[in-house]
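The values are calculated or read from the model by the stated rules, or taken from the named source; none is laboratory data. Since we're looking at a predicted model, the values are computed, not measured. All Cβ positions, even for glycine, are placed from backbone atoms using ideal geometry, and neighbour counts span all protein chains on display.
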Amino acid sequence: MTTAAPEAATRPRERNRRYLFEREGVLGPLLLLPSVAYLLALVGFPLVMAILYAFTDITTGNPALHFVGIDTFKAALADPVTRTSLRNTVVFTVISQVLVVVLSVVLAFALRANFRGKWIARFLILLPWTTPIALGTIAWLWMLDSIFSPIDWVLSHTGITSPGSHMFWLGRAHLAMGSVIAVQAWRMLPLATVILLAGLTSIPQDVREAAEIDGAGFWRRMFGIDIPLLLPISAVALLFGLVFSFTDMTVVFVLTRGGPQNATQVLASWAFFRGIEGGSLGEGAAVAVFMFPVLAGLAALILRMVSRAEVS
Amino acid sequence: MAVVETRGVRKVFVGDTPAVDGVDIATEEGEYLVLLGPSGSGKTTLLRMIAGLERPSEGEVLIGGRVVNDLPPRARRIAMVFQSYALYPHKTVAQNISFPLAAGGMPKERRPERIRWASSLLGIDHLLERKPRQLSGGERQRVALARALVRDPQVFLLDEPLSNLDAKLRTSAREDLKEFQRRVGVTTIYVTHDQVEAMGLGDRIAVLDKGRLQQLGTPREIYHEPANTFVATFLGSPPMNLLEHDGALVGFRPEHFLPEGLVSEREGRVPFEYQVDRVEYLGSDRMLYGTIPAIAAGVKVIARLPFTVTTPVAEGSPARFAVAESSLRFFGKDSGDRIAPQPLRGVSA
């Protein structure tokens, strides 16, 4: 009985500590902390630095912050390579994403159907997404090799091109751009397909059956029911694809390094070559900042779509 | 001619247990036929085979006298209302109702009139511009009905259309459904597991269990002349009392089991010594739970006395109860099937 009194006195405090994690005001910030720290250190800080650098003439040789106003932007814009890169980025992004949208819809519809070996087909289609980007792209580098390309071999052995001829996939401007776009589409396709497949399977079975009973044939079910119901989720998939492709330089860097003669140079790779390899940090940053308005617009669109999806 | 007929229809999904095991049903023109059964009885599978959403493993489905086994749903001139209503979430109410018309190839300019007709019949004119998610459960059901109705089908198939409504709405929706069918006059097949819905709506009821048709008859027949013990106990709440006696099962409904004085002698009164264990007051009724030791000591026997019967009954004491002979039903002990009345020897108290 005598020990009961002090025990009772400590109890409220103990209880407070025990339920500390159940208070939203404590647990919420605590759980958010790692991602906030990550974002600040690895996204926020570099972004601020990049914008800051874009207004200086900083180089790796002379790391002093000397502000020059918009001179760096003027210089970057005066450089024809920057303008080529800007155009290439748009072409590269738009065409690869159009390919991804069309192919992923077809694939998702095909993979929803029941057939033998469905799981292996799904597995094979997902495979590109699971391999590291650089490794997958290196495999393509061999596929598109100027001398040993197996694609050339197939083309000449089927009589489509003359025997022993080479396409020089990465050596000619248009073919190089086509190759880079194709590989980017190949890379982005699995994710888009999986997102669409998830969207398709989330359409209630009885809604599709109702359409069947209401007299709709295959095409009317596809364009009247399935695709409209897929639209919100595929729009999100498309926006993500656009952002990824717009800022990506892996495929270009591994396959062509922007060549031949900057025919496949995109903003990301050009910023990298200028700023990191060429040492003109300020100019590289200015090129990268060109991507900013486009990305900000896309990001705003994504956020709006996501919040609207939550409401409905 | 039967509008819808099934001949020996079987459906096996996986393994050996059939979901539907040889069902023969024929509807009459303009009839309201209810498929009633517990979950897993095969009633929905049967409906889906009639709709063409499932293919029978064996047997034939006929609509309008034609075998339709090989026809897709859209060629069967049927309309179906799903349990979830299955409205198209991205279309407005008007577009939902218009969808079957467009799919049926009706010219665009003739559709609005048809939509107006269907929506005014169901009283949803004011909802035409809304999306399904902006509607209440009852409104959704009406839209689903309008969408089914608009194409002028030969047959309506309804799959538990009331089960998503709350209890209060269900009663009024049931009345509406009946009224609606009376006005439209289209043959309707209605699936439910709710006996009250079945009794209230059906011109005839097909009772299904384990994929087999147990009985097909009017609500009155099903209730008063059950073909076997399954039907006898599935309908009625509380179910029919079944007692084993002399190699047979004797059945009588709780509402027919009354204090002796209330059963007239002319009807052939069969009196029992009723040991009452518990009394429940339910407002309009009094439920008595007890046993009849002279026949089957361990078997619970329920009596349901309307509040107009004021005979005092005490828990834990024996009372003299009786059943009119005409209210007794007899079933085979092993088969469970209805058999001819047996004399009840040595039970009378």
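Output the residue which, of all residues in the range B:64-99 that are basic (Lys, Arg) and farther than 14 Å from residue B:157 by Cβ, is nearest to the other protein chains (Cβ to nearest Cβ). Of everything passing the filter in the range B:64-99, B:91 is nearest to the other protein chains (Cβ to nearest Cβ). Test of understanding: among A:239, A:303, which residue is loosely packed, with under 15 Cβ neighbours inside 10 Å and either touching a His at 6+ places or on another chain (Cβ under 6 Å) or part of a helix (DSSP H, G or I) (or both)? On inspection, the qualifying residue turns out to be A:303. Does at least one position in the range B:298-310 carry a residue that is hydrophobic (A, V, I, L, M, F, W, C), in contact with a Ser or Thr (Cβ under 6 Å, 6 or more places away or on another chain), part of a loop (DSSP other than H, G, I, E, B) and surrounded by fewer than 16 Cβ atoms within 10 Å (Cβ to Cβ)? Checked against the condition, which is being hydrophobic (A, V, I, L, M, F, W, C), in contact with a Ser or Thr (Cβ under 6 Å, 6 or more places away or on another chain), part of a loop (DSSP other than H, G, I, E, B) and surrounded by fewer than 16 Cβ atoms within 10 Å (Cβ to Cβ), the range B:298-310 yields at least one hit. Restricting attention to the range A:213-236, the residues that are in contact with a His (Cβ under 9 Å, 6 or more places away or on another chain), at the interface with another protein chain (Cβ under 7 Å from one of its Cβ atoms) and surrounded by fewer than 19 Cβ atoms within 10 Å (Cβ to Cβ) total 1. Residue B:45 - would you say it is away from every other protein chain (no Cβ under 13 Å), among the hydroxyl-bearing types (Ser, Thr, Tyr) and either touching a helix residue (DSSP H, G or I) at 6+ places or on another chain (Cβ under 6 Å) or in a strand (DSSP E or B) (or both)? Judged against the criteria, residue B:45 is not a match. Of the listed requirements (1) of a type in the set (S, T, N, Q); (2) surrounded by fewer than 18 Cβ atoms within 10 Å (Cβ to Cβ); (3) more than 21 Å from residue B:332 (Cα to Cα), residue B:291 misses just one: (2).
Could we say that residue B:294 is in contact (Cβ under 8 Å) with a residue 60 or more places away in the chain and aliphatic (A, V, I, L, M) here? The answer is no for residue B:294. Taken over the range A:264-277, the criterion of being under 21 Å from residue A:176 (Cβ atoms) and crowded, with 19+ Cβ neighbours inside 10 Å is satisfied by A:264, A:265, A:266, A:267, A:268, A:269, A:270, A:271, A:272, A:273, A:274.
Inspect the range B:162-180 for any residue being in a loop (DSSP other than H, G, I, E, B), within 14 Å of chain A (Cβ to nearest Cβ) and not hydroxyl-bearing (Ser, Thr, Tyr) and give the result as yes or no. Scanning the range B:162-180, I find at least one residue that is in a loop (DSSP other than H, G, I, E, B), within 14 Å of chain A (Cβ to nearest Cβ) and not hydroxyl-bearing (Ser, Thr, Tyr), so the answer is yes. Using the structure shown, decide if residue B:286 is of a type in the set (Lys, Arg) and either more than 16 Å from residue B:238 (Cα to Cα) or not in a strand (DSSP E or B) (or both). It is false that residue B:286 is of a type in the set (Lys, Arg) and either more than 16 Å from residue B:238 (Cα to Cα) or not in a strand (DSSP E or B) (or both). In the set (1) at pLDDT below 80; (2) part of a helix (DSSP H, G or I); (3) crowded, with 19+ Cβ neighbours inside 10 Å, the condition left unmet by residue A:169 is number (2). The single residue among A:129, A:153, A:169, A:142 that is in contact (Cβ under 8 Å) with a residue 60 or more places away in the chain and of a type in the set (Phe, Trp, Tyr) turns out to be A:129. With the structure loaded, tell me whether residue A:91 is more than 17 Å from residue A:275 (Cβ to Cβ), part of a helix (DSSP H, G or I) and without any contact (Cβ under 8 Å) to a residue 60 or more places away in the chain or whether it fails that test. Spelling it out, it is not the case that residue A:91 is more than 17 Å from residue A:275 (Cβ to Cβ), part of a helix (DSSP H, G or I) and without any contact (Cβ under 8 Å) to a residue 60 or more places away in the chain.
Counting only residues that are surrounded by fewer than 17 Cβ atoms within 10 Å (Cβ to Cβ), assigned to a loop (DSSP other than H, G, I, E, B) and at pLDDT 75 or above, the range A:148-159 holds 2 of them.
Considering each residue of the range B:40-57 in turn, at least one proves to be over 21 Å from residue B:154 (Cβ atoms) and at pLDDT below 90. Starting from the range B:223-250, keep only residues that are without any contact (Cβ under 8 Å) to a residue 12 or more places away in the chain, then list their pairs with residues that are assigned to a strand (DSSP E or B) and charged (D, E, K, R) whose Cβ atoms are within a distance under 9 Å, requiring at least 6 positions of separation or different chains. Once the first residue is without any contact (Cβ under 8 Å) to a residue 12 or more places away in the chain and sits in the range B:223-250, its partners that are assigned to a strand (DSSP E or B) and charged (D, E, K, R) give B:224/B:329. Just one of the listed residues (B:109, B:129) is in a loop (DSSP other than H, G, I, E, B), more than 14 Å from every other protein chain (Cβ to nearest Cβ) and without any contact (Cβ under 8 Å) to a residue 40 or more places away in the chain, and it is B:129. (1) surrounded by fewer than 22 Cβ atoms within 10 Å (Cβ to Cβ); (2) assigned to a strand (DSSP E or B); (3) of a type outside the set (Ser, Thr, Tyr): which one isn't true of residue B:55, the others all being true? Status for residue B:55: all satisfied but (2). Looking only at residues of the range A:175-212 that are within 14 Å of chain B (Cβ to nearest Cβ) and of a type in the set (A, V, I, L, M, F, W, C), we find that the one that is farthest from residue A:95 (Cα to Cα) is A:210. Cβ-Cβ distances below 9 Å connect the following pairs, each with a first residue in the range B:332-347 that is in a loop (DSSP other than H, G, I, E, B), a second residue that is small (Gly, Ala, Ser) and at pLDDT below 90, and a separation of six or more residues or different chains: B:333/B:247; B:333/B:248; B:342/B:247; B:342/B:248; B:346/B:294; B:347/B:294.
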